[in-house]
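See below for the structure under consideration.
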Amino acid sequence: MRSGAKCTIDALKDAGVKTLFGLPGGTVLDLFDELARAPLEFFLVRHEQGATHMADGYARATGKPGCCIVTSGPGATNAVTGLATANMDGIPVVCIAGQVPSHMIGNDAFQEADTVGITRAVTKHNYLVKNADDLPRIIAEAFEIATTGRPGPVLVDIPKDVQRQMTSATFSGKPERRGYKPVYEGNSKQIAKLAAAINASRKPVILAGAGVIAASASAELTTLARKAKIPVTTTLLGLGGFPDTDPLALRMPGMHGSVAANRAISNCDLLISVGARFDDRVTGKVSEFAPNAMIAHIDIDPSAIAKSVRVDIPVIGHAKSILKELIPQIVTQARKEWLTQVHDWQKEAPFTYDAKEPRILAQYAIEQIYEVTKGDAIITTDVGQHQMWAAHFFKYTQPRSFISSGGLGTMGFGLPAAIGAKAGCRDRNVIAISGDGSIQMNFQELVVAVEHDLPIVVVIMNNGYLGMVRQWQEMFYKKEYSAVRLDQNLRARNEKIQNKPPGYLPDFVKMAEAHGAAGLRVTEKREVAPALRKALAMKRPVVIECITKPDDNVYPMVPPGASLSEMVQGLA
Amino acid sequence: MSNNTSIRRHTITALVDNEPGVLARVVGLISGRGYNIESLNVGPTQDPTISRMTMQVPGDDRVLEQVTKQLNRQVDVISVTDLTRESFLNRECILVKIAATRKNRSEIIELADVFGGKVVSAQNDSMVIQLVGEQQHVADFMELVKPFRILDVSRSGVIAMGKE
Ligand SMILES: Cc1ncc(C[n+]2csc(CCOP(=O)(O)OP(=O)(O)O)c2C)c(N)n1
Ligand SMILES: [Mg+2]
């Protein structure tokens, strides 16, 4: 006989969990009591959102499910943003939550929240465990569901009395659910149809998304693209799925996509999505998306097919196995004319910035990160302009090397995700590229990196603004800058702070130091690369604050609601 | 895809695990998109671990196709069919309480008779009629009893089954 708590921790071990992120509380005391004796590395976070993002970052970096544990009520509600983030991007996370004792559920008990109710819409699946006998099966199922099909977060809510209940139940083998049968093998007829379309196409483009990463299909994708000479555009979440350095790489499509990618999509005669779900930030105006193209869509999630764009050749299944079956049916081609056209676009308008600008531009700093690391790093980001620039000015050549909240766009993701990534990949350089707004949302988690000797580097692009919002106000709200100034010196009118505090507010260097990390501030371009080298050599967590030009914009930009052919380009 | 936007009432039936939370999940998915479930019926099937849900949702064909796919994606949903696409049987059961006077009592009974309804309870000043039938049949009946004073109505929600 074991307690429900012991059962749970044993089941985590059986599922291969070696790293766990979380924070205790009244309803998980029994679980934490067991944890104290478990052969797991436990990361004590300082806010439960941090735990979910760490588990998420761990999963994105390693390909293994991330796992976290939170208490009932506020612990669970704090985890919601992280679950929603993982859910949008299809990241395998298992979250164990404590719940008030069964007999108190529904009585507004202390620290009670309807956790399964609250998280239903932001998880792939969730459970309220009623009986400890079910625990071994439910935990095994949770990992199975989180990691198969389109992966996603699963929450298991365990009331305190269930954790204390004694049970002799065990579970072994593969969990089976009659309502859950993800399709892996693609339909051969559809694959043949797709092969024929590729062979007949004069101007094909591949749109590679997160599915390529999730399915570990980048080798197959690269083989296909090179064999059939198909240019590849990678979505934000697909970055690294196809090497940015390949001549066929069009880089990112969509709202802040490259000119080459958006032109290729607008002019192609065949668009092949491999695990990209046609997010609205990618398609722009749907009715004018790839107007002349036949559209093929490989996706493991049937509900992704034809969700936003018409699809002529759907192929449901796992990207890797489908591409493997497809490749032998593809005829080797040169496609001179189309590639010449595409290369002209690439040359005409690569991602660029004003190299003569004397102040530090985030674009420049990110390029320096690329140079100093020689491209060998895991980059995590927060959300905003710096995120787009991190996609533009670092070249990703390996899957799982770019980690960013794409679907939900969660500010505060980058630092905890970097900690999770580093926890899973100790031998990699892990660099969080953040903004002065985003970093303040989960700064407290820096302590966790210090405690666990995780030498991550956090580079804050401090432009004094909620920059991306400022850009929208500049472009679409007649420069009415409302509530976007973070730097006190930029404040105006009703936002004016009367007694302007001296210096930086907050002082990120002091904050880093107060959290036990090193802090460096760079204000000159020439300081950027040395600071990065120094930080990487320090072998401890370091925060580098780059004071950047305040009011730069991300270009190109497709205005919201416009078609991909209506790109606004910045300065030449 | 935007050319296919005909709005009509969809009859969706789903086989789901007979477990708590499933109903909330299914209803949440539909109502979360701003769609109103006009009628909902849930009951066990020949397998007590499986329930059948039948829902009627008025809406755009394309959106409901998406809803159907999303429902199918749920772990505890075994299968989903939008019956609107095929020929199917539908039935609804209603109880209507009508204010009845000595004068109009026989008129109400006659009307119920014509529709195959049954008087299942009679009080001094009211009577309750039970009617089972196709949705349209029930709707026609309700239209005709409108002139009487309806005191209360309880409807089972539509149940449905594909013919094949
Ligand atoms: C939690 C959360 N709140 C609000 C937003 C809306 N938002 C998107 S970008 C952005 C500005 C981010 O500022 P910063 O981190 O400084 O990045 P920058 O754009 O300046 O590079 C905001 C507020 C968001 N994405 N996430
Ligand atoms: Mg900023």
Remind me, relative contact order of chain A in percent, using alpha carbon pairs under 8 angstrom and six or more residues apart?
14 percent
5 angstrom amide H check on B:ARG9, placed H, neighbours 5+ away:
B:GLY59
Computed [θ] at 222 nm, helices only, for the protein assembly as shown once each DSSP H run of length n ≥ 4 contributes -39500 (n - 2.57):
-10000 deg cm²/dmol
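Just to confirm the filter: which trypsin sites (Lys or Arg not before Pro) across segment A:16-64 are DSSP coil and have at most 12 other Cβ within 10 angstrom of their Cβ?
Here the trypsin sites (Lys or Arg not before Pro) that fit, given the DSSP loop and packing criteria, are A:ARG37.
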Exactly which chymotrypsin sites (Phe, Trp or Tyr not before Pro) in segment A:138-229 are in a DSSP loop and have at most 10 other Cβ atoms within 10 Å?
none
How about A:LYS539: which aspartates and glutamates have a C-alpha closer than 17 Å to its C-alpha, ignoring those fewer than 8 places off in the same chain?
A:ASP376, A:ASP427, A:GLU451, A:ASP453, A:GLU513
On a C-alpha basis, how far is the centre of segment A:1-61 from the centre of segment A:540-555 in Å? Whole number, if you could?
35 Å
Helix B:105-114 sits off the longest principal axis of the Cα atoms of chain B, rounded to the nearest 10 on a 0 to 90 degree scale, by 40 degrees
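What stretch of chain A, leaving out the sites themselves, is the longest with no GluC sites (Glu not before Pro) in a DSSP loop having at most 14 other Cβ atoms within 10 Å?
A:186-479
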Distance histogram in 5 Å bins (all Cα pairs of segment A:1-56, percent per bin):
4, 19, 28, 27, 17, 4, 1
Note down the net charge around A:ALA304, summing +1 for each Lys or Arg and -1 for each Asp or Glu among other residues with Cβ under 11 Å from its Cβ.
+2
One would report the antiparallel percent of DSSP beta bridges in chain A, rounded to the nearest 5, as 5 percent
The longest stretch of chain B containing none of the trypsin sites (Lys or Arg not before Pro) that sit in a DSSP loop with at most 11 other Cβ atoms within 10 Å is B:1-101
Nearest-20 debye value, chain A charge dipole, Cβ charges on Lys, Arg, Asp, Glu
1100 debye
Quick numbers on chain B, Rg and Dmax over C-alpha atoms in Å, give 18.6, 59
Mind jotting down the three principal axis lengths of the protein assembly as shown based on Cα atoms? Whole angstrom, largest first.
99, 65, 61
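Can you tally the net charge around A:GLN190? Count Lys and Arg as +1, Asp and Glu as -1, for every other residue whose Cβ sits under 13 Å from the Cβ of A:GLN190.
On the way: positive: A:LYS189, A:LYS193; negative: A:GLU185, A:ASP299, A:ASP312, A:GLU325.
Neighbourhood net charge equals -2.
Going through segment B:68-113, which GluC sites (Glu not before Pro) have at most 15 other Cβ atoms within 10 Å and a DSSP loop state?
Working: sites: B:GLU86, B:GLU92, B:GLU107, B:GLU110; in loops: B:GLU86.
Passing both the DSSP loop test and the Cβ count: B:GLU86.
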Residue separation times 0.36 nm, minus the C-alpha to C-alpha distance between A:LYS347 and A:GLU41: what's the value?
105.3 nm
In percent, what relative contact order does chain B have, based on Cα pairs under 8 Å that are 6 or more apart in sequence?
27 percent
Distance between modelled label sites at B:VAL63 and A:THR397, nm, 7 Å Cα→Cβ extension:
4.9 nm
Charge context of A:ALA76, other residues only, Cβ under 14 angstrom, K/R +1, D/E -1
-2
Beyond a 30 Å Cα-Cα separation, which of these cross-linked pairs lie in this structure: A:LYS13/A:LYS534; A:LYS336/A:LYS549; A:LYS160/A:LYS307; A:LYS124/A:LYS160?
A:LYS13/A:LYS534; A:LYS336/A:LYS549; A:LYS160/A:LYS307
Approximate spin-label separation A:SER102-A:MET475, in nm, with each point projected 7 Å along Cα-to-Cβ
5.5 nm
What's the FRET efficiency of B:GLN123 with B:GLU143 using the Cβ-Cβ distance as r and R₀ = 25 Å, to the nearest 0.05?
0.55
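Only the coordinates and a few stated rules stand behind these numbers; no lab work does. Everything quoted here is computed from the prediction, not taken from an experiment. Note that each Cβ is placed from the backbone with ideal geometry, even for glycine, and that neighbours are counted across all protein chains shown.
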